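These notes are about the structure you will find just below.
A short reminder: the numbers here are calculations on the coordinates, not readings from a lab. The shown structure was predicted, so the numbers you read here are calculated from the model rather than taken from an experiment. Ideal geometry is used to build each Cβ from the backbone, glycine not excepted, and the neighbour counts take in all protein chains shown.
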Amino acid sequence: MSQTLEIRNNSDDVIGSISFVEHLNNLSATRTLEGFHIRLPVTVKFRFVRQNEPVPFIDALHGNLAAVNGQSRVEIGKVSTDADLRGSWNRDGRGETSGTVADLHWRGGLQELAAFERLRAGSTPQFSLWMQGKLHYSHSMGGSGPRLCSEPQDLRINMGEIMLSYLSELWITNVLRRIGAAENVVVEIPLPASPPAPWDGVWEALTTARAAFERGGSTGWNGCVFGVRLALERWRDIEKPDTSQTDPKLRTKRQRLDHLRQSLHQCTHSWVHGTADECSRDDAVLMLATLSSLLAERKP
């Protein structure tokens, strides 16, 4: 399915169009050192102008990309292209050019994809894209010599917002797996600006664990586990885990989570007391991710 925006001049005349094809095979997704690079192809067409009349062209085409789920919209990135998209002329000025294909580049970190996946929650991938740009006119100076470029004007795009949606299966296969995001769990660590007492002590230990993880190295990984254990102990001082039900089939959800919390605390014991080999990054990820998820479930 194709989605099209009209391009208008200052006289409100339609002079061209910008089209998106909602077919994921047209997308190119690659992993970068910082995160990812996704290319969204667009086709730009202009009405022909008569010979020797000013020829329109667009530069600085860009847009704000938002994730959409129902009535929710969250901006998750920006797209842009470096290409100049030009019109053309013929003798009678009728019809339109065949179209110039360009890529809108969406570059970002994995946290942007994580935010989108969290909002998508397994539903159809939907985006809201608001396009902007600059419209110029190229004037002939006579003959085959150089052309004079007009001052830029804001691009007038009829209904500048466009809604794009893609099949979930293709999104996973052609984007997430190509980037490698499907194999990486990006964990949201809940850190409110002013956590309620007495939970502020838990959050303080959690931020310490996160900072140690970001430093990395053997000292950082061990420091992360120490922070996780301290957070769990402070949580235990606030509310002890209910592990009274020994039959797993009879446990409530809260009791199951409390058993997991208790097991996590026991799991940190080996590194804290030096009875295990040196803590690895994978060990620290497991500890930090599990604690973060438990706190997200608890919502203190």
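Observations
- Percentage relative contact order, the range 200-298, counting C-alpha pairs under 8 Å, at least six apart: 33 percent
- Under-5 Å amide H pairs with GLY77, H placed in peptide plane, nonlocal only: LEU65
- Of the options [x] 6, 29, 37, 22, 7, 0; [y] 5, 23, 25, 21, 15, 8, 2, 0; [z] 6, 21, 21, 18, 14, 9, 7, 3, 1, 0, only one is P(r) over Cα pairs in 10 Å bins from 0, in percent as computed from these coordinates, and that is [z].
- Contact order relative to length of the chain, as percent, for alpha carbon pairs under 8 angstrom and 6 or more apart: 16 percent
- A simple spin-label model places pseudo-atoms 7 Å from Cα toward Cβ; at ALA121 and SER263 they are separated by 2.7 nm.
- Under 5 Å from the amide H of GLY16 lie the amide H atoms of ILE7, ARG47, each residue being 5 or more positions distant or on a separate chain, with H modelled from the backbone and absent for Pro and chain starts.
- For CYS149, residues with placed amide H under 5 Å, excluding near neighbours: HIS139
- For the chain, calculated [θ]222 nm from helices alone, where every DSSP H run of n ≥ 4 adds -39500 (n - 2.57): -9500 deg cm²/dmol
- Efficiency of FRET between GLU34 and GLU297 - r from beta-carbon atoms, R0 25 angstrom, step 0.05: 0.25
- Most mobile listed residue (LEU257, LEU176, LEU288) in the chain, GNM with C-alpha springs under 10 Å: LEU257
- For GLU204 and GLN111, the difference between the fully extended length at 0.36 nm per residue and the C-alpha to C-alpha distance is 31.3 nm.
- Peptides 53-61, 72-80, ordered by how many other C-beta atoms sit within 10 Å of their residues on average, highest first, read 53-61, 72-80.
- In terms of Cα atoms, the Rg and Dmax of the range 197-300 work out to 13.8, 42 Å.
- Nonlocal Lys pairs with alpha-carbon distance under 26 Å, the chain (8 or more apart, or different chains): 8
- Among SER263, SER138, SER17, the residue with the largest mean-square fluctuation in a Gaussian network model of the chain, with springs joining Cα atoms closer than 10 Å, is SER263.
- Sequence-ordered 3J(HN,Hα) estimates for the range 288-300 from the Karplus curve with 6.51, -1.76 and 1.60 and θ = phi - 60° stand at 5, 5, 5, 4, 4, 5, 5, 5, 5, 5, 5, 6, x Hz, glycine and proline given as x.
- Measuring between their Cα centroids, the range 232-300 and the range 27-56 lie 50 Å from each other.
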